[in-house]
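J.: The following block contains the structure, expressed as structure tokens.
The values are calculated or read from the model by the stated rules, or taken from the named source; none is laboratory data. Keep in mind the model is a prediction, meaning the values are calculated, not measured. Note that each Cβ is placed from the backbone with ideal geometry, even for glycine, and that neighbours are counted across all protein chains shown.
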Amino acid sequence: MEFVSVFDIFKIGVGPSSSHTLGPWKAARSFVKKLENKGETIEGGHIEVFLFGSLSLTGKGHATDLAVIMGLSDFDPETVETSKIDEFIKTVKEQKHLLIKNQYKVVFDPEIHIHFKDTFLEYHANGMIFNWTGKNEEVISDVFYSVGGGFIVREGDTTSENTAALPYPFPIQTSEQLLKYCASTGFSISDVVRQNELINRSPEKYENDIMKIWNTMLDSMFVGCHTEGILPGMLSVKRRSAPLLKKLLPDQAEYNDSGTWLEAIRRSPVDFQKIFKWVSTFAISVNEVNAAFGRVVTAPTNGSAGVIPAVLMYYLSFVNTNAGKDEIIRFLACASEIGSIFKKGSTLSAAMGGCQAEIGVSSAMAAAGLTELLGGSPERCIIAAEIAMEHHLGMTCDPIGGLVQIPCIERNSMGAIKAINAAEMAIDREPSEVKVPLDDVVKTMWETAKDMNSKYKETSEAGLATTVNIIDC
């Protein structure tokens, strides 16, 4: 049974898309590692990249070509200095070559050697082929698929990148199995996740790694809320989170980093309307950073990266102002397990399932995590996830101009609000009265994905992408 870790669901990377940016970036790095094994014999050859299906149709707007360049240059998306990406891309385009292992020169002109193909490969809508051709016409080739949430699959591999190789105590495929483990052990969902994760990590590393995820989320909210201007791309979308912050936080509030910012928010006067606006501001801020090629955490995708941070920030800021490390870890652990269940039973890819696979799943994850922190039982956490997803079923992915901006940024706000509402509803539900199991919703989501017309699945061929005139924007 496939094991999907907390750290598979939550990946630190660069925007604007987990499937169209992070996935191709990782695939390109994997291909380069293969070339490195050839040593100096790769010198003087050239590399070509072919992007298929959704990667082609919305690739420019999602910066897929730029991600490929960064990946072939072997930059790590988790640690690369994002402020220098533009400068490096410009250098590669001017020099028209790459240095493999910083020493072997390979010809690569992005304008000539990156090919956008509107046709679809059979396995997945996000397909790509990497070819290296040597001076003696020797060819090394790899086919990859970016299957959503930054996960990649290499054609020909017999196992996925996350197949379990160790005896995890609680192998989980469905929410029914998860609830049986919780019932037999008395564990919460986050307790079950922790026991599985400790097979690979010490308790200290597990906690530190999750806190690294949260600190990256918090930083992305902080950066987004303190950056004004226009987002990149032809739509000229004005950033909104910074102006919103100025309206919400008193002028006299004092802070100097993301941690003290949280404390300032906790001290600020709030009412229902302000809390509502705060949640939207948190969510929008993350996705403005994402849209600007900044660093965010896939949660479970980049396009939905704002939902989970916004809901956790809501809890820390307005529900339990004494909460800290323990609550953060439990929230993210519980949320990740819901994400893994959707990955195993359906998809996290908008190119395969529409936006229900992104905002819908992230809202379900956040709802479950919040429910656990509110004192809800595992059953009620599952109910919250079901409620949140049920009201995202059928949501299409139709970004205008292929950019992860309209309607993507606002959808994160809507997904966060739905998650909070779902958690509050679940807390008051009797599990014995529930008519719709989460596993049935997972199946329904996948059936809906298969029935959805491909034009509405991240191709910019229908919906808002074609109805709205870009020139008028």
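J.: Starting from the range 334-348, keep only residues that are farther than 14 Å from residue 301 by Cα, then list their pairs with residues that are among the aliphatic types (A, V, I, L, M) and in a loop (DSSP other than H, G, I, E, B) whose Cβ atoms are within a distance under 9 Å, requiring at least 6 positions of separation or different chains.
T.: Going by the 9 Å Cβ cut-off, the qualifying pairs are 337/4; 337/172; 341/4; 341/172; 344/1; 344/4; 344/172.
J.: Being in a loop (DSSP other than H, G, I, E, B) and either on the phi > 0 side of the Ramachandran plot or buried (at least 19 other Cβ atoms within 10 Å of the Cβ) (or both) is true for just one of 71, 23, 59, 13. Which residue is that?
T.: Unique residue meeting the criteria: 59.
J.: Let me ask something additional. Is it the case that the range 293-303 has a residue that's part of a loop (DSSP other than H, G, I, E, B) and among the hydrophobic types (A, V, I, L, M, F, W, C)?
T.: Yes.
J.: Test of understanding: among 179, 166, 218, 231, which residue is over 30 Å from residue 251 (Cβ atoms), at pLDDT 95 or above and out of contact with any strand residue (DSSP E or B) (no Cβ under 6 Å at 6 or more places or on another chain)?
T.: 179
J.: Look at the range 192-221 and say how many of its residues are not hydroxyl-bearing (Ser, Thr, Tyr) and not in a helix (DSSP H, G or I).
T.: Residues in the range 192-221 being not hydroxyl-bearing (Ser, Thr, Tyr) and not in a helix (DSSP H, G or I): 4 in total.
J.: Hey, does the range 304-311 have a residue that's assigned to a loop (DSSP other than H, G, I, E, B), more than 22 Å from residue 400 (Cβ to Cβ) and not small (Gly, Ala, Ser)?
T.: No: zero hits.
J.: Continuing with this model, one more query. I'm trying to understand the selection: among the residues of the range 389-429, which are hydrophobic (A, V, I, L, M, F, W, C), in a helix (DSSP H, G or I) and within 26 Å of residue 20 (Cα to Cα)?
T.: Selection gives 389, 400, 408, 409, 414, 416, 419.
J.: When you check residue 171 against the structure, is it part of a loop (DSSP other than H, G, I, E, B), over 30 Å from residue 28 (Cα atoms) and at pLDDT below 95, yes or no?
T.: Against the criterion (part of a loop (DSSP other than H, G, I, E, B), over 30 Å from residue 28 (Cα atoms) and at pLDDT below 95), residue 171 does not qualify.
J.: Which members of the range 121-140 meet the condition of being more than 18 Å from residue 449 (Cα to Cα) and of a type in the set (A, V, I, L, M)?
T.: Correct list: 128, 129, 139, 140.
J.: Tell me the residue from 320, 302 that is out of contact with any Ser or Thr (no Cβ under 7 Å at 6 or more places or on another chain) and either assigned by TED's automatic domain parsing to the domain that holds residue 222 or within 24 Å of residue 213 (Cα to Cα) (or both), please.
T.: Residue meeting the stated conditions: 320.
J.: Just one of 143, 153 is crowded, with 17+ Cβ neighbours inside 10 Å, free of Cβ contacts under 8 Å to residues at least 24 places away in the same chain and out of contact with any helix residue (DSSP H, G or I) (no Cβ under 8 Å at 6 or more places or on another chain); which is it?
T.: Criteria check complete, one pass: 143.
J.: Sticking with this structure for a sec: Take the residues in the range 434-473 that are modelled with pLDDT of 95 or more and either of a type in the set (Asp, Glu) or not assigned by TED's automatic domain parsing to the domain that holds residue 367 (or both); name whichever of them is surrounded by the fewest Cβ atoms within 10 Å (Cβ to Cβ).
T.: Among residues in the range 434-473 that are modelled with pLDDT of 95 or more and either of a type in the set (Asp, Glu) or not assigned by TED's automatic domain parsing to the domain that holds residue 367 (or both), the one surrounded by the fewest Cβ atoms within 10 Å (Cβ to Cβ) is 451.
J.: Mind listing just one residue for me: the one in the range 93-133 that is part of a helix (DSSP H, G or I) and surrounded by 15 or more Cβ atoms within 10 Å (Cβ to Cβ) and, of those, nearest to the chain's Cα centre (by Cα)?
T.: By that ranking, first place goes to 110.
J.: If residue 120 meets every condition in (1) touching a Phe, Trp or Tyr at 6+ places or on another chain (Cβ under 9 Å); (2) under 21 Å from residue 32 (Cβ atoms) apart from one, which number is that one?
T.: For residue 120, the failing item is (2).
J.: I've got another one for you. Looking at the range 267-292, I want the residues that are part of a loop (DSSP other than H, G, I, E, B) and have a partner that is of a type in the set (A, V, I, L, M) with Cβ atoms under 6 Å, at least 6 apart or on another chain. Which pairs are those?
T.: 268/249; 292/231
Here is a yes/no grid of residues against (1) surrounded by fewer than 18 Cβ atoms within 10 Å (Cβ to Cβ); (2) farther than 27 Å from residue 368 by Cα; (3) assigned by TED's automatic domain parsing to the domain that holds residue 410:
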site	(1), (2), (3)
181	no, no, yes
191	no, no, yes
204	yes, no, yes
253	yes, yes, yes
274	yes, no, yes
277	yes, no, yes
280	no, no, yes
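J.: Please go through the range 12-36 and give me each residue that is under 24 Å from residue 407 (Cβ atoms) and of a type outside the set (Val, Ile, Thr), ordered by number.
T.: Matches in the range 12-36: 13, 15, 16, 17, 18, 19, 20, 22, 23, 24.
J.: Kindly check whether there is at least one residue in the range 226-244 that is small (Gly, Ala, Ser), touching a Cys at 6+ places or on another chain (Cβ under 8 Å) and assigned to a helix (DSSP H, G or I).
T.: Checked the range 226-244: at least one residue is small (Gly, Ala, Ser), touching a Cys at 6+ places or on another chain (Cβ under 8 Å) and assigned to a helix (DSSP H, G or I).
J.: Just checking, how many residues over the range 26-56 are on the phi > 0 side of the Ramachandran plot and surrounded by fewer than 24 Cβ atoms within 10 Å (Cβ to Cβ)?
T.: Number satisfying all stated conditions: 2.
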